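Following: one structure in structure tokens, then a few remarks.
Values quoted throughout were computed directly from the atomic coordinates according to the rules given, and no laboratory measurement underlies them. As the structure is a computational prediction, the values presented were derived from the model and not from experiment. Using ideal geometry, Cβ is built from the backbone for each residue, glycine included, and neighbour counts are taken over all protein chains shown.
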Amino acid sequence: MFSASLPELSGRRQLLLLLVMLAGAAAGVLARSLDPLPLLLVGAALVGGLLTLFRVEFGVLALIFVAYTRFSDVLLEHGAPLSVVELMVAGMLLVMVLRWYFFDEMPEGWLRPAVYLGLYGLVGLASVLYATDGELALASWINYLQDGILVLLLVAGLQQAGALRRASWVLLLAGAFMGTLSVFQQVTGAFDSNFAGFSVVELEHIAGGTSGFRIGGPMGAPNYYAMILLPLVPLAIDRLWHERPWPLRLAGGYALVVILLSLIFTYSRGGVLGLLVVLGLSLVRLRRHPRFLLLLAVGGLLFLLILPAGFRARLATIPETLLGSEGVVPTELSIRGRTSEWLVGWQMFLDHPLGGVGLDNYPVHYLDYSSELGLDWRRTGRSPHSLYLEIASETGVLGLLAFLTLIGGIYHSLAYAYRMFRLAGHEERAGLVVALAIGFTGYFTASLFLHAAYPRFFWTLVAIAFATPVVAARTAQEGA
């Protein structure tokens, strides 16, 4: 009888019936659990799933926030039984299938990024076959596959006309959340607390013979924390400048301040170089606005006044890091190590130019190469400290070309969306696309000095970039 009556129900009523069944199953799980953490996770998943079923973008925006704050990893460190990101991805995939079945909704714009991701993924998978440590290479490829699924899922969920603006605000919310904790920690000196894992500090060498606390954000890695904050700076500038409601302008200004301060408190030299690129491009973009020039001048003076002395000393080592001191091999510990890692990466590439040594196999071979150089006395496997040298040494010319093709796809998508928004008369949304492009440029600049240790942040940004053409086309169609 049930099977005979089911076709008479509309799609939404069938979906409602399915929701009741899922809610009953979740209630059973809750009733059997006495641990508050699973209770909280299942309850949040149930509420989020119900909202996402009727508005997919809600789940996508929540996933962006969770991914960009490393919320899932923090929960795992506190004993969570499963990854929140993996749970959300599985739930979102289920939602996509259900909406396709019940409402015949097929997302757009995912095929092109799938081709870019698949091309780079095939090169990485091939490297598993000849890598010295095949298990390590396979684990790295599986992580890439998971991030690729995340990208396509986010692209499929960001389809509505206002999705770019909302996604940008979610990124700024994540940045303001992390930045507020970081600034509070630095100002109050609360370095004995990691704020539940969202603001981890490291006592590290700063410059010369001095050491100090460096803010590391949710990953506890100052350089990488600076790198993930960089793309948020032009977004905050754009929202501060172009939002119409004054409360949102204030929110953009607040996000900009705490993000910039947090970036400074990381003491990251690569982060500063990326920041100079971001601010320079933002200055070129807004050069016709005298208010921006005045704000930049006042802000620059304030930052010079509050810069820690250790930060100034660390900045003074940048020329030595890049060029060496009067042609001599640099003597500072971190600079010697960085130089050794770069030279080793280059030599690995020369020895294995076509396919590299295999995904994540640079550390496996590092000591064999570094012992011949004699620059680095650390007897542990190291990382290349450059995204491009990492790709070149581990996947060779094939991987490098595939990754550069992916980068070209990112900028092509942004350029297309920019033209579409302008043709539709949406200059503000076109400006958001420009801000995203500037953010990527800053990220790629910092990547000259850092490898891909925390790639999920990058792939989250990539997903938003690849979603912009669909959002722009939908905006033009709806006249929104």
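Given axes a ≥ b ≥ c from the Cα gyration tensor, I'd like to know whether the range 148-191 is rounded (a/c under 1.5), prolate (a/b larger than b/c) or oblate. Verdict is oblate for the range 148-191.
An oblate overall shape is assigned to the range 55-195, the ratio a/c of its alpha-carbon gyration tensor axes (a ≥ b ≥ c) being 1.5 or greater and a/b not exceeding b/c.
In loop segments of the range 337-417 as defined by DSSP, the trypsin sites (Lys or Arg not before Pro) with at most 16 further C-beta atoms inside 10 Å of their C-beta are Arg378, Arg379. Normalised by residue number, the volume inside the convex hull of the Cα atoms of the range 93-172 is 122 Å³ per residue. Largest first, the three principal axis extents of the alpha carbons in the range 352-480 are 63, 25, 18 Å in whole numbers. Taking all C-alpha pairs of the range 401-460, those more than 18 Å from each other amount to 42 percent. Report note on the peptides 108-115, 263-270, 67-74, 412-419: ranked by the mean count of other C-beta atoms within 10 Å, highest first, their order is 263-270, 67-74, 412-419, 108-115.
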